[in-house]
Amino acid sequence: MMGLERRSEKHRNPGDHWLDDVCRGSLEGFGTRDIGFFELCAKFDSIEVWVDPLPNDQLVLVWLLDLLRPYKEITTKLSLVHTDDIVANYAPQSVAKWKLPAFKVVDNHLMTASRAWPAYRASTPEPCFDLLMTDLMILPRLRSALIAMLEELPDRLTGLGASEWTCWTL
């Protein structure tokens, strides 16, 4: 499943396995760099998922929650921490001192993600527009992420998305 299983012969090329881009020391103590994603999740009593405010990070969150939805043994361990800034911009020692609230993942998180992920992947934007007409507050930054994504669609008159239009008018 998308390179998330235990590393095998089919993961020969860089980028074929989910751990290929993880720093070597990050998984010390787990006994292998070949562990599967679900197998790794099973080793923990609780899992905090820190989510940056960027639209792409919100889409990765809905992908992850939708992916994990069938695995109750994992989803019951999940909590979300919504950040106001990009965590990678800070030293790990600094982030470790942050006191941000963690929200336990509940069925409503999973249901919202299971509606959002297929809407994002749809061949037309209508499902995303429909999703915007629903209550998305359980994932507080999803609405703004969807709007940002929809703003990047080509304008009917200019053919430019929001970021292209901004560059063009400068």
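The values are calculated or read from the model by the stated rules, or taken from the named source; none is laboratory data. A quick note: this is a predicted structure, and the numbers were derived from the prediction, not measured. All Cβ positions, even for glycine, are placed from backbone atoms using ideal geometry, and neighbour counts span all protein chains on display. Areas reflect the complete protein model, heavy atoms only, side chains present, ligands, DNA and RNA absent. Shrake-Rupley method; radii C 1.70, N 1.55, O 1.52, S 1.80 Å.
Distance in nm between label sites at K99 and E28, each 7 Å beyond Cα in the beta-carbon direction?
In this crude label model, K99 to E28 measures out at 2.9 nm.
Extending each Cα 7 Å along its Cβ direction at S79 and A42, get the distance between those two points in nm, one decimal.
About 2.4 nm separates the two model spin labels.
Determine how large the accessible area of I35 is when every protein chain is in place; take a 1.4 Å probe and give Å² rounded to the nearest 10.
0
Taking 0.36 nm per residue of separation and subtracting the Cα-Cα distance, what length does fully extending R143 through K72 add? Intermediate values should be presented prior to the final figure.
Details: separation 71, 0.36 × 71 = 25.56 nm, distance 2.59 nm.
In short, 23.0 nm is gained.
How much of L78 can a 1.4 Å solvent probe reach, expressed as accessible area in Å² and rounded to 10?
0
Which is farthest toward the positive dipole end of the chain among I138, I74, N108, measuring Cα position about the Cα centre, with Cβ charges +1 (Lys, Arg) and -1 (Asp, Glu)?
With unit charges placed on the Cβ atoms, the residue in question is I74.
Bins of 5 Å, beginning at zero and ending with the bin holding the largest distance: percent of Cα pairs per bin for the stretch 4-66, please.
P(r) for the stretch 4-66, in whole percents per bin: 4, 15, 20, 23, 22, 13, 3, 0.
Heavy atoms of the protein only, probe of 1.4 Å, neighbouring chains included. What is the accessible area of W98 in Å², nearest 10?
Looks like 70 Å² after rounding.
Which percent of the accessible heavy-atom area of the chain goes to carbon and sulfur, probe 1.4 angstrom? Each step should come with its number before you reach the end.
Values: 6210 of 10820 Å².
In the chain, the share of accessible area belonging to carbon and sulfur is 57 percent.
Determine the dipole magnitude for the stretch 93-139: charges of +1 sit on the beta-carbon of Lys and Arg, -1 on that of Asp and Glu, nothing else is charged, the reference point is the Cα centre, and the result goes in debye to the nearest 20. Walk me through the numbers on the way to the answer.
On the way: 5 positive and 4 negative charges, 81 e Å.
It works out to roughly 380 debye.
Using a 7 Å offset from the Cα along the Cα-to-Cβ direction at both L160 and F129, what is the distance between the two label points in nm, to one decimal?
For L160 paired with F129, the spin-label model returns 2.3 nm.
Between helix 107-121 and the chain, what is the angle of the helix's C-alpha long axis to the longest principal axis, kept within 0 to 90° and rounded to the nearest 10?
Once rounded, one gets 60 degrees.
For Cα pairs less than 8 Å apart in space and 6+ apart in sequence, what is the mean separation divided by the residue count of the chain, i.e. the relative contact order in percent? Show your work: numbers first, answer last.
Details: 175 pairs, mean separation 30.7, N = 170.
For the chain, the relative contact order is 18 percent.
Within 10 Å, at most 14 other Cβ atoms, and a DSSP state outside H, G, I, E, B define an exposed site. Report the longest part of the chain free of exposed GluC sites (Glu not before Pro).
Working: sites that count: E9, E28, E152.
Counting only loop sites that pass the neighbour cut-off, the longest clear stretch is 29-151.
Could you work out how far helix 142-151 tilts from the main Cα principal axis of the chain, as a 0 to 90 degree angle to the nearest 10?
50
Taking the convex hull of the alpha carbon atoms in the stretch 70-145, what volume per residue do you get, in Å³?
Details: hull volume 9.3 nm³, N = 76.
Convex hull volume per residue, Cα atoms: 123 Å³.
With every protein chain present, what is the per residue accessible area of the chain (1.4 Å probe, Å²)? Spell out each step's value before the answer.
Values: 10820 Å² over 170 residues.
Result: 64 Å² per residue.
If you place +1 on the Cβ of every Lys and Arg and -1 on the Cβ of every Asp and Glu, how big does the dipole about the Cα centre of the chain come out, in debye to the nearest 20?
Details: 18 positive and 24 negative charges, 89 e Å.
Value, rounded to 20: 420 debye.
Just tell me which aspartates and glutamates come within less than 18 Å, Cα to Cα, of K72; anything on the same chain fewer than 8 places away is out.
Within the straight-line limit of under 18 Å, K72 reaches these aspartates and glutamates: E5, E39, D45, E48, D107.
Short version: what are the Cα gyration tensor semi-axes of the chain, square root of 5 times each eigenvalue, largest first, in whole Å?
Details: eigenvalues 187, 78, 71 Å².
Those come to 31, 20, 19 Å.
Taking H placed 1.01 Å from N in the peptide plane, check which residues at least 5 places from W50 or on another chain put their amide H under 5 Å from its amide H.
Long-range HN contacts for W50: V81.
Using only Cα atoms, find the angle between the long axis of helix 55-68 and the longest principal axis of the chain, and express it within 0 to 90 degrees, rounded to the nearest 10.
It is inclined by approximately 50 degrees.
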